[in-house]
Protein chains: 2
Amino acid sequence: MASALNDTEVRLGHGSGGAMMKRLIDNLFLEEFGDEAALPGDDAGVVPLGAGRIAMSTDSFVVTPQFFPGGNIGRVAVCGTVNDVATSGAQVAYLSCGFILEEGYPIDRLRQIATTMAKTASEAGVKIITGDTKVVERGKADGVFINTAGVGLVPPGVDLSGTHCRPGDVVLLSGTLGDHGIAIVSQREGLSFSTTVESDAAPLNRMISSVLAAAPHARCFRDPTRGGLASTLNEFAEASGVDILVREADVPVRDQVRGACDMLGYDVFQVANEGKIVAVVPADEADAALAAMRADRYGADAAIIGEVQAPSIEGGHTVRLETPFGSRRILDMLVGEQLPRIC
Amino acid sequence: MASALNDTEVRLGHGSGGAMMKRLIDNLFLEEFGDEAALPGDDAGVVPLGAGRIAMSTDSFVVTPQFFPGGNIGRVAVCGTVNDVATSGAQVAYLSCGFILEEGYPIDRLRQIATTMAKTASEAGVKIITGDTKVVERGKADGVFINTAGVGLVPPGVDLSGTHCRPGDVVLLSGTLGDHGIAIVSQREGLSFSTTVESDAAPLNRMISSVLAAAPHARCFRDPTRGGLASTLNEFAEASGVDILVREADVPVRDQVRGACDMLGYDVFQVANEGKIVAVVPADEADAALAAMRADRYGADAAIIGEVQAPSIEGGHTVRLETPFGSRRILDMLVGEQLPRIC
């Protein structure tokens, strides 16, 4: 049997491929993620999957700080990839998980992160079936970076893409905007509000499945993470060659988030979210899609926020925001970097 | 259309989720990896795959330096994961690819790495179908870290595992030991030999398929990377509850690698390889397996190096090396770290 993990800090030997690494894997990662596919200790997890098309996605997570109100890097690492795979309409099934650790990182924090990942994977109904651990010297990374990749089977007939938006389609948002970004920046900068803003990080694969069942002709889903809602809508508009109009008054934003954005000079439409989904559906399926979102535990504040329009300029693809006063402004994609290392 | 990528260095905005990141993806990654599955710009690649069992594996790569004789981090990043998936007997089909970049990393080096990844993936017959880019501030990473995850379909009836070794089985090694580790340390320490030692990094999925066709009852394959051959054989011995005997005289090692190990005090059995495979096969399939290895472009120096034996101690699992003088020593798993950041 593997000997106990007595170290309190990550050491270079934990990435060696030898006995120390085996102790870390056996006593920490396998204890948290333990799955029959991973248990023989082989280099690849082998698991059943039906025939057809698979969806695959990956994200590396470098968020700082690693612990923040509403979660930690482990929750974001599972949710981010689960949500990316789910936006294809796939039934997300399996995750891989690669850690890059900085020498000296506290083992108890690493365990908390792994525990959170296991819980979040369980909540999402996905299994972590294979992993990797690398360790770099002090000063060559920043605590812990996590990569996850995910795969799932796309049901027959499902064909979702940002290229599928059509004039007349309706744009839905599954909840309040900007919570994750403001939670991170508040923690980082030591800001305090009357109420703590918590990260919204959440697995949305079940919500997407419900919406797809309710709105079978849905065009596309996307989680507005880095770059926020503005980037997501501009991506859709460009990919489909359409304009999109968003009514600002219909976009749910918490008061504290709005206040923090005003104070910090952020545009809430460009702030990252980790537990929200944007959906574009045909107009005659919009009410059903909205009801499905609202029925989900993470969708209580879902709203119809805008519509797809024919391009106002030949070959153009403009996203506009209609303010509560009726004026319109262009909602641009973020240029440069507003808030680094948000996920 | 996307505007040109005029930057010469990675900037924080290249990881923003906004317009700068889109420029980097469109002008560098999609140009190199461009695939119909990735082209619509959606968050997940959607690709066909047959029914049955999939194998999935992941590795993060932090090798330093990033460029070395015989390759760069990009070649290792593709080969490492292709080989890990292939050891399950799967037909490796798809890779994901996640970059963590340090602000200031030269764009032309990043492009060289991406070009190498694309070429290596093409050589292996696999497609990079989805990716991610994160950027961290100067001093918070070390140039470039790459994660790849891979998936493939395991043919019906194939069941390879380190737990399957049986007394009487034969151990094969597909070529010379230690080339990758010595290439890296030579580059890092500025050592020079009469002939340059090149990294052996290579995709071995075709070789494994050939060996499996020639030796259909093969027990297991593994690429002896971190921890070297010693770790791989100890993992097999422990997983199967067997002893393994290796005949040192039969293990191919280049003269320069042997010399470098002597000079540096390394045990060549613990030095990392990135283009070698260890196979355990039943004795009556060993010659066929060896012939299949040698027929592969990366297997010219393949050899039968040892055999699986019943445990000499009840419940034990000892790996022994028989020296050319007939004495035997225990071949232990590496403890701690010999040579950090080899892959």
Exercise. Can you name the residue in segment A:95-105 that is out of contact with any Phe, Trp or Tyr (no Cβ under 6 Å at 6 or more places or on another chain) and either closer than 14 Å to A:Ser60 by Cβ or of a type in the set (Gly, Ala, Ser) (or both) and, of all such residues, is farthest from the other protein chains (Cβ to nearest Cβ)?
Worked result: A:Gly104
For this session: Please list, ordered by first then second residue, the pairs with beta carbon atoms under 6 Å, 6 or more apart or interchain, first in segment A:292-303 and closer than 15 Å to A:Asp223 by Cα, second crowded, with 19+ Cβ neighbours inside 10 Å and polar (S, T, N, Q).
Result: A:Met293/A:Ser174; A:Gly299/A:Ser174; A:Ala302/A:Ser174
Exercise. For segment A:121-152, how many residues are at the interface with chain B (Cβ under 7 Å from one of its Cβ atoms) and closer than 11 Å to A:Cys97 by Cα?
Worked result: 7
For this session: Could you check A:Asp159 against (1) farther than 19 Å from A:Met56 by Cβ; (2) at pLDDT below 95 and say which number it fails?
Result: (1)
Problem set entry | Leading residue by the ranking (farthest from the chain's Cα centre (by Cα)) among those in segment B:1-24 that are more than 11 Å from chain A (Cβ to nearest Cβ) and modelled with pLDDT of 85 or more | B:Asp7
Exercise. What pairs come up if the first residue lies in segment A:194-222 and is surrounded by fewer than 17 Cβ atoms within 10 Å (Cβ to Cβ), the second is hydroxyl-bearing (Ser, Thr, Tyr), and their beta carbons are under 8 Å apart, counting only those six or more places apart or on different chains?
Worked result: A:Thr196/A:Ser186
For this session: Look through A:Val92, A:Val85 and report the one residue that is under 16 Å from the mean Cα position of the chain (by Cα), facing chain B (nearest Cβ under 7 Å) and either touching a residue at least 24 places away in the same chain (Cβ under 8 Å) or open to solvent by less than 20 Å² (accessible area, probe 1.4 Å) (or both).
Result: A:Val85
For this session: Output yes when any residue across segment A:37-57 is closer than 17 Å to A:Glu103 by Cα, at the interface with chain B (Cβ under 8 Å from one of its Cβ atoms) and either at pLDDT below 95 or part of a helix (DSSP H, G or I) (or both), and no when none is.
Result: no
Seminar exercise, completed: Condition set acidic (Asp, Glu) and within 26 Å of B:Val185 (Cβ to Cβ), scope segment B:212-267, selection farthest from the other protein chains (Cβ to nearest Cβ): answer is B:Asp255
For this session: Taking only segment B:300-313 into account, find how many residues are among the acidic types (Asp, Glu) and either open to solvent by less than 30 Å² (accessible area, probe 1.4 Å) or touching a strand residue (DSSP E or B) at 6+ places or on another chain (Cβ under 7 Å) (or both).
Result: 1
Exercise. In the set A:Gly316, A:Gly336, which member is without any contact (Cβ under 8 Å) to a residue 60 or more places away in the chain, surrounded by fewer than 19 Cβ atoms within 10 Å (Cβ to Cβ) and of a type in the set (Gly, Ala, Ser)?
Worked result: A:Gly336
Exercise. If A:Glu307 passes every condition in (1) at pLDDT 95 or above; (2) assigned to a loop (DSSP other than H, G, I, E, B); (3) under 16 Å from A:Thr232 (Cβ atoms); (4) of a type in the set (Asp, Glu) but one, which one does it miss?
Worked result: (2)
Problem set entry | Selected residue (only one of B:Arg297, B:Arg328, B:Arg258 is open to solvent by 60 Å² or more (accessible area, probe 1.4 Å) and touching an Asp or Glu at 6+ places or on another chain (Cβ under 6 Å)) | B:Arg328
Exercise. Within segment A:153-168, restricting attention to residues that are at the interface with chain B (Cβ under 8 Å from one of its Cβ atoms) and of a type in the set (A, V, I, L, M, F, W, C), which residue is most open to solvent (accessible area, probe 1.4 Å)?
Worked result: A:Leu160
For this session: Could you please give the count of residues in segment A:65-82 that are outside any strand (DSSP E or B) and open to solvent by 10 Å² or more (accessible area, probe 1.4 Å)?
Result: 5
Problem set entry | segment A:162-180 residues that are over 23 Å from A:Val253 (Cα atoms), paired with ones that are open to solvent by 10 Å² or more (accessible area, probe 1.4 Å) and part of a strand (DSSP E or B) (beta carbon under 6 Å, 6 or more apart) | A:Pro167/A:Gln309
Exercise. Can you name the condition, by its number, that B:Leu204 falls short on among (1) under 28 Å from B:Thr323 (Cβ atoms); (2) within 14 Å of chain A (Cβ to nearest Cβ); (3) in contact with an Asp or Glu (Cβ under 8 Å, 6 or more places away or on another chain)?
Worked result: (1)
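The values are calculated or read from the model by the stated rules, or taken from the named source; none is laboratory data. As the structure is a prediction and not an experimental result, all values here were calculated from the model. Please note: Cβ atoms are built from the backbone with ideal geometry, for glycine as well, and neighbour counts cover all protein chains shown. Just the protein is used for accessible areas: all its heavy atoms, side chains included, with ligands, DNA and RNA removed. Shrake-Rupley method; radii C 1.70, N 1.55, O 1.52, S 1.80 Å.
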